[in-house]
Amino acid sequence: NNLVDMDSDNDGVQDNAEIVQGFDPGDNNAVPSQTIYEDAEDSTTDGWVVHDDDPAGAVISNVYDADRGSRVIELSGLGLNNGYQLREENGYPWLDSSRFVIEWSMQYSEKFEVFIDVRTTAGHRYLYYTPDDYDGLGNGENVHYGLGSDVKDGIWHTFVSDLQVDLEAAQPGVEILEVNGIFIRGS
C-alpha cells in the first residue's frame with residue numbers, strides 16, 4: 001500500500017481496496033468487481049432521501065467541491081439530529097449479495113455516524129462507523145467501529161471497509177447475505 005500514490009496502478013481503485021479484496025494493487029489488469037452506488041457526477045441526488053427530518057430543514061444537494069475537483073453530495077442539517085439514506089434510485093434496498101467491501105469519502109468537521117445496512121445469517125445488522133478512537137463492536141443489531149477522532153478535521157478522507165471482516169470480529173460465525181444501503185447522521 002503506497003501512502004503517496006493511493007492508486008499506484010492507476011486503475012481507478014484505491015490500493016487498500018484491492019488488497020482487502022485479494023487483488024494485486026500493482027497490476028492494473030487485476031480490478032476487483034465493484035458497483036458505484038454514488039459518485040455525484042450525474043448532478044442529481046437520485047437514491048438519496050432525508051431519513052430523519054426532525055428537526056425540519058435537512059437538505060441533500062449535489063454540488064461541485066473545489067478541494068476534490070469533482071461533484072459531491074452535500075448533507076445539510078442539524079448535525080446528528082438529521083439522518084440521510086442512500087439506496088437504489090427507486091428507494092429499494094441494494095440487495096447486493098456479492099460485494100462486501102465498501103469505500104466512501106467524506107469531509108466532516110463535526111460528529112457523524114455512517115451506518116451500513118446489511119442482512120446476515122443472524123438477522124438485520126447495522127455496521128456503523130464514527131469519529132471515535134475505539135471500536136465498541138457489539139453482539140446485537142449494531143456493530144460499532146471508530147475511524148479515529150482526527151477525521152473531523154474538515155478535510156476529505158476515504159475509508160475502505162471489508163464489512164464481513166468487521167462483522168466477524170464482533171460476531172464470529174455470522175455471515176453477511178446482502179448489503180442494502182447506507183444511512184448517515186451528521187451534516
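Of F183, F159, all but one fail to be out of contact with any helix residue (DSSP H, G or I) (no Cβ under 9 Å at 6 or more places or on another chain) and either part of a helix (DSSP H, G or I) or within 29 Å of A66 (Cβ to Cβ) (or both); the exception is F183. Counting only strands (runs of 3 or more DSSP E) that fall entirely inside the stretch 95-150 and contain at least 3 residues that are surrounded by fewer than 19 Cβ atoms within 10 Å (Cβ to Cβ), under 13 Å from the mean Cα position of the chain (by Cα) and not hydrophobic (A, V, I, L, M, F, W, C), the qualifying elements are 101-107. The residues of the stretch 162-172 that are in contact (Cβ under 8 Å) with a residue 40 or more places away in the chain and assigned to a loop (DSSP other than H, G, I, E, B) amount to a single one, Q171.
Restricting the stretch 58-69 to residues that are under 18 Å from the mean Cα position of the chain (by Cα) and in a strand (DSSP E or B), the residue that is farthest from T44 (Cα to Cα) is I60. Test D46 against the stated conditions and say whether it is in a loop (DSSP other than H, G, I, E, B), charged (D, E, K, R), at pLDDT 65 or above and not assigned by TED's automatic domain parsing to the domain that holds D96. No; evaluated as a whole, the condition is false for this residue. Against the list (1) surrounded by 17 or more Cβ atoms within 10 Å (Cβ to Cβ); (2) free of Cβ contacts under 8 Å to residues at least 12 places away in the same chain, the condition G83 fails is (2). In the stretch 130-154, the residues that are over 17 Å from Y108 (Cα atoms) form Cβ pairs under 7 Å with partners that are of a type in the set (G, A, S) and in a loop (DSSP other than H, G, I, E, B), at six or more places apart or across chains, as follows: H144/G136; H144/G138. Out of curiosity, is D135 touching a helix residue (DSSP H, G or I) at 6+ places or on another chain (Cβ under 9 Å) and not aromatic (F, W, Y)? Yes; evaluated as a whole, the condition is true for this residue.
The values are calculated or read from the model by the stated rules, or taken from the named source; none is laboratory data. Predicted model, so just to flag it, every value in this text is computed and none were measured. Neighbour counts are summed over all protein chains in view; Cβ atoms, including those assigned to glycine, are modelled from backbone coordinates with ideal geometry.
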